1. Can you tell me which of (1) within 20 Å of A:Ser203 (Cα to Cα); (2) within 16 Å of the ligand (Cβ to nearest atom); (3) more than 11 Å from chain A (Cβ to nearest Cβ) is the one B:Val87 doesn't meet?
2. Looking at the stretch A:67-102, which of its residues are closer than 16 Å to A:Leu207 by Cβ and surrounded by 17 or more Cβ atoms within 10 Å (Cβ to Cβ)?
3. Report yes if some residue within the stretch B:44-55 is surrounded by fewer than 22 Cβ atoms within 10 Å (Cβ to Cβ), over 16 Å from the mean Cα position of the chain (by Cα) and within 13 Å of the ligand (Cβ to nearest atom); otherwise report no.
4. Considering every residue within the stretch A:246-255, establish whether at least one is among the hydrophobic types (A, V, I, L, M, F, W, C), at pLDDT below 90 and surrounded by fewer than 12 Cβ atoms within 10 Å (Cβ to Cβ).
5. Let me spell it out: the conditions are (1) over 24 Å from A:Phe38 (Cβ atoms); (2) within 13 Å of the ligand (Cβ to nearest atom); (3) open to solvent by less than 10 Å² (accessible area, probe 1.4 Å), and B:Gly98 meets all of them except one. Which number is the exception?
6. Can you pull out every residue in the stretch B:61-84 that is within 16 Å of the ligand (Cβ to nearest atom) and within 14 Å of chain A (Cβ to nearest Cβ)?
7. If you scan the stretch B:2-53, which residues turn out to be more than 9 Å from every other protein chain (Cβ to nearest Cβ), over 18 Å from A:Pro45 (Cβ atoms) and assigned to a helix (DSSP H, G or I)?
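The values are calculated or read from the model by the stated rules, or taken from the named source; none is laboratory data. Nothing here was measured: the structure is a model prediction, and the numbers come from that model. No Cβ is skipped: glycine too gets one built from the backbone with ideal geometry, and neighbour counts run over all protein chains shown. Remember, those area values only see protein heavy atoms, side chains included, never the ligands or the DNA or RNA. Shrake-Rupley method; radii C 1.70, N 1.55, O 1.52, S 1.80 Å.
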Amino acid sequence: MLAQYIMLVFVGLLIAPVAGGLIAGLDRRVTARVQSRFGPPLLQPFYDVAKLLGKESMIVNSWQVFCAYMYLLGAVLSVVLLFLQSDLLLLFFVQAIGALFLVFGAMSAPSPYSQVGAQRELMQILAYEPLLILVFVGIYLATGSFQISEILTHEQPLLFKLPLLFIVLGYALTIKLRKSPFDFSTSHHAHQELVKGVTTEFSGPYLAIIEVAHWYETVLVLGLVALFWSTSLWGMLALLLGTYFLEILIDNTMARLTWRWMLSYVWIVGLVLSVLNLSWLYAS
Amino acid sequence: MSIIKDFINKSRIKSPWIVHFDCGSCNGCDIETLAVLTPLYDVERFGIINVGNPKHADVLLVTGTVNYRNQHVLKTIYEQMPHPKAVVAIGACGLSGGVFRDCYNVVGGVDRVIPVDVYVPGCPPKPEAIIDGVVLGLEKFAAKARGEDVSRFETRRPFDKKQADQGAVNVQTTATQEG
Ligand code: SF4
């Protein structure tokens, strides 16, 4: 039993970032193809991070460094908790704290760009956290537990019971991955400081840390998606691929909108879908 | 350990993030520089990303004439970039001041203010020549990081006829340029 746990922690710690990096590379390639370009090699995200690690460390203040590490720690811990099949709520709080440390780090620098980015990141957190909680509540109502190990024993795919909440999770996923139309605080395609937002003041190795933490986060959200079809491996894989492909497609076809629009739209749509799904669950 | 070091060194060439600073060019060089980023040339194939932030950048592309006002800005941008970094001066104006060389407010080439690694001549240079310039600059700083002699990469000032005739490695020799 202990050996199994150690195995799971090992998988969470080491396989997750590799998978996250590969997903990021695939993302960039598919995006390039959608834009009728050739795109970078699959391993490009790893080259980027290795290069950043080899750069001089220029810091604004030491608090910023601490925040970068805490962000990484939050992401890593939540992925490990996911692989250990721990409690969904615990996982939720750990990732929320990690996400907040990124905001603190950006706030600690007096640069207007990183300040604006930090405010927008807060808005994004404000938009997706309630949705995530509603999804977890839905999972609880459907399976009777917040414990992932018990959710996995549920004999029917959750998707059948929670189709609307899956869409809600999709919204949270898009915001969390900072993809269009929700890429306010920072975006991979950012060409201006304002759009680079939260990460503006991070450079060199610390930017690499944030990038790696983002890979962990990708694995975390995709893990949550996989929960919706936990009964069969193929179903899980198909669901993951489908969701992520849709994600890339949306990223490429949508323009960035304002955060006000995000808050009102995501809350209204998210709440309506959640309430519909939850009341249906309650009635049946 | 050396495997990791090698990988980092290899990655430096494979992932150049560029920041583009326009020292008041006529816009000819800027258009060519930005054309490099379009799907036609698709420099993301080589891992090149155009970032807006000197703190994330590896390569600084400078176009236009440096004058007494913007030389401070240029210097600040250069200093904000973490090591290792490379500077590519683009166009006749970036190299020497070009047609504006004799203006009262013009300092001259970019290298009067910050050290330049690669000169890309032309008025304006072709996008291919700019890509070559970036690649050459990266090879140079990767070699520097390995502690190699970089003199074989030394580029010559193109207006220096005598040196140019010696056939040194120059962007001009690897990509034809017009203008
Ligand atoms: S080199 Fe020619 S094209 Fe470039 S900025 Fe100068 S005048 Fe314009």
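1. Tallying (1) within 20 Å of A:Ser203 (Cα to Cα); (2) within 16 Å of the ligand (Cβ to nearest atom); (3) more than 11 Å from chain A (Cβ to nearest Cβ), B:Val87 fails exactly one: (2).
2. Answer for the stretch A:67-102, where residues must be closer than 16 Å to A:Leu207 by Cβ and surrounded by 17 or more Cβ atoms within 10 Å (Cβ to Cβ): A:Cys67, A:Ala68, A:Met70, A:Tyr71, A:Leu72, A:Ala75, A:Phe101, A:Leu102.
3. No, the stretch B:44-55 contains no residue that is surrounded by fewer than 22 Cβ atoms within 10 Å (Cβ to Cβ), over 16 Å from the mean Cα position of the chain (by Cα) and within 13 Å of the ligand (Cβ to nearest atom).
4. So far as the stretch A:246-255 goes, yes, one or more of its residues are among the hydrophobic types (A, V, I, L, M, F, W, C), at pLDDT below 90 and surrounded by fewer than 12 Cβ atoms within 10 Å (Cβ to Cβ).
5. Result: B:Gly98 fails condition (3) only.
6. The answer is B:Leu61, and nothing else.
7. Those that are more than 9 Å from every other protein chain (Cβ to nearest Cβ), over 18 Å from A:Pro45 (Cβ atoms) and assigned to a helix (DSSP H, G or I): B:Ser2, B:Ile3, B:Asp6, B:Gly28, B:Cys29, B:Asp30, B:Ile31, B:Glu32, B:Thr33, B:Leu34, B:Ala35.
Each row is one residue, and each column tells you yes or no for (1) under 24 Å from A:Glu129 (Cβ atoms); (2) free of Cβ contacts under 8 Å to residues at least 12 places away in the same chain; (3) not hydroxyl-bearing (Ser, Thr, Tyr).
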residue	(1), (2), (3)
A:Leu13	no, no, yes
A:Arg28	no, no, yes
A:Phe38	no, yes, yes
A:Pro45	no, no, yes
A:Val49	no, no, yes
A:Leu77	yes, no, yes
A:Leu82	yes, no, yes
A:Gln95	yes, no, yes
